[in-house]
Every structure is written in C-alpha cells, then in structure tokens.
1. Ordered by residue, what ³J(HN,Hα) values in Hz, to whole numbers, does the stretch 83-95 give under the Karplus form 6.51 cos²θ - 1.76 cosθ + 1.60, where θ = phi - 60° and Gly and Pro are x?
2. Once the Cβ-Cβ distance between Ala171 and Thr47 is put in as r, and R0 is 41 Å, what FRET efficiency do you end up with, to the nearest 0.05?
3. Starting with the highest mean, order 104-110, 85-91, 182-188, 131-137 by the number of other Cβ atoms within 10 Å, averaged over the residues of each peptide.
4. Treating only the Cβ atoms of Lys and Arg (+1) and Asp and Glu (-1) as charged, compute the dipole magnitude of the stretch 125-269 about its Cα centre; round to the nearest 20 debye.
5. Using the Karplus curve 6.51 cos²θ - 1.76 cosθ + 1.60 with θ = phi - 60°, work out ³J(HN,Hα) for each residue of the stretch 213-218 in order, rounded to whole Hz, and write x for Gly and Pro.
6. Within 10 Å, count the other beta carbons around each residue, average over each peptide in 48-58, 169-179, 230-240, and list them highest first.
7. If packing is taken as the average count of other Cβ atoms within 10 Å, what order do 252-261, 143-152 fall into, highest mean first?
8. Hey, with R₀ at 41 Å, roughly what FRET efficiency would Lys249 and Trp122 work out to, going by the Cβ-Cβ distance, to 0.05?
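Read-outs throughout are calculated quantities, based only on the coordinates presented, and are distinct from any laboratory measurement. None of these values were measured; they are calculated from a predicted model. Neighbour counts run over all protein chains shown; Cβ positions are idealised from the backbone, glycine included.
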Amino acid sequence: MTKTKLLSRLFSFCMVLSILSALSTANASSPQEVHKTDVSGSASSTTYQLILLRHGESVMNTQKRTSGWGDTYLTEKGVSAGLKVGELLKEEGVSIDAVHTSYLSRAIKTAWLALEGMEMMWIPVHTSWRLNETEQGAFEGKTREEIVTMWSEEQVKKWELSFDMSPPPLASDDPRSPAKDPRYNVIPKGKVPQAESMKDTVARIRAYWEEVLIPALSSGKTVMVVGHSNALRSLSKCIDDTLDEKTLKQMPIPNTIPIIYTLDANMKPISRRVLGVQTK
C-alpha cells in the first residue's frame, strides 16, 4: 500500500469518527428524551370530582314509612331544600357536567331542583334503575312499629344490622311489587328484585359505577349523583372499598346535604367533604 492511499484511508476513518461523535453529542443535548415526563402534566396529578346528593324530604320520610322502589313525592320542605342545595353548590363554585339519578320521583325532582338552584338546567340528567334505593320487600310502605308487630323486635334488629340479609320478598302479585311498574320493563322478566340486602344493592350499583360513572369521570366530567340513603352508601363503598360493613350501614346520608369526593386518576378518594345547608 502506498503512502498516499494510507493517508487517504486514515483521513476517511477520522471523518467517520467525527460524524459519530457529533451525532452522539446532538442526541445527548436533545430535549426529546423519551423516558422523561413533565410531572406537572402527567395523568397522576389529575383529579376528578364526584358529588353525591340524597333526595329532599319525602312524604314517606315524614310518615316514617319505609320506601325502597315504591314511589313517593317531595314535601314542600323537600322542594325548598332541593332549590337551596343548588344555590349552595353554586356559591361554592361547583360546576357540573352531568347528573345521574334513579327511576324514582323523589330523586329525579331533587335533581331538577338542584340544577334550577345552580342555574344549570340545561345539564343532561341520566336516569337508571340501578341507582334506585334498596328494594324493601315486605317492609315497603310500613313503619318500623308495623314491621315489629308483623315479625318481632329481635328479628327486625337482625335485618337492620345485617349486610347480606334481605327482608321477606314481595309476592309477584302484590300491588307494591316493582314487577308491576311499567318503568321497569327495561329489566329482563324475572329479574326485577322483590327484596334486596345491602350486599345486593352494592352489587348492582357497582356495575353502574364501573360501566357508566368511571368512564364519565375519566373523560374529565364533573358528575353529580342524586340518590337515596342506602344507594349512596353503596356507591360510597364502590368509591372507597376500605369501608367495612358496620361503618357502611351506619354512615349518615342526610337529605339534601352534598358530599363532594375528590378522586385520583385511579378513581380512589383523595378527600371527602360534606357541605352544610339549613332549611326552614
């Protein structure tokens, strides 16, 4: 090999090294590093808001009668409270994107009134039987005293404290049976409950939580669920699975007192805030 060829190859080798070095330096200083993320914009810092609201005082509430899937209407106090709670939410700066409620008049009317108080009556209201109160079976429409007379104090206490024991079921031809109500024609024949335990209520509401509410929240919507005492307890169990059965059964869910959950990206609770509202 001549001296000229040797020098030519050496020069070419040096040029290749120079190019590789330049590319390495450029990659090292490039702002496009695939393994680094701006934490302030990451999904883990995103939070979601869910408001739970029990319906206003109903006629059955004032009579101290058990009401499950049986329909009952709001009292004048219940109507007033529905409007006032909407005004309270507006004062608190709460803005919602969607409302979900049951098939029961007392909850639907409260949802409308709350939206009126918030001056947000254009917001869509979605109804589902899955958000209904626990079906009370043979207890439907009866006072506690009447129930004790029919069975016994000891037996009634067992039902009250139990998580998985349902009341005696209604007969299919009982006029109180929800199977006779046309609004429940959407439920497959034979599947309309004639009595439910708290465990049953949690199961049907969990399906709605997972299939409907989580997707709505994950899309960035602020959601309000207007419901019933046991139904909202059941939803609280879906939100916070650490709640034990005793705590769940005793959890206070007063009429028209908003409960505001802040949830993380995994739909786990960061905070739970209860707002107060006074009505005359």
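1. Residue by residue, the stretch 83-95 yields 5, 5, 5, x, 5, 4, 4, 5, 4, 7, x, 7, 10 Hz.
2. About 0.30, to the nearest 0.05.
3. 131-137, 104-110, 85-91, 182-188
4. The calculated dipole for the stretch 125-269 is roughly 340 debye.
5. Per-residue couplings from phi come out as 6, 4, x, 5, 5, 5 Hz.
6. Final packing ranking: 48-58, 230-240, 169-179.
7. 252-261, 143-152
8. Step by step, r from the Cβ atoms, then E = 0.60.
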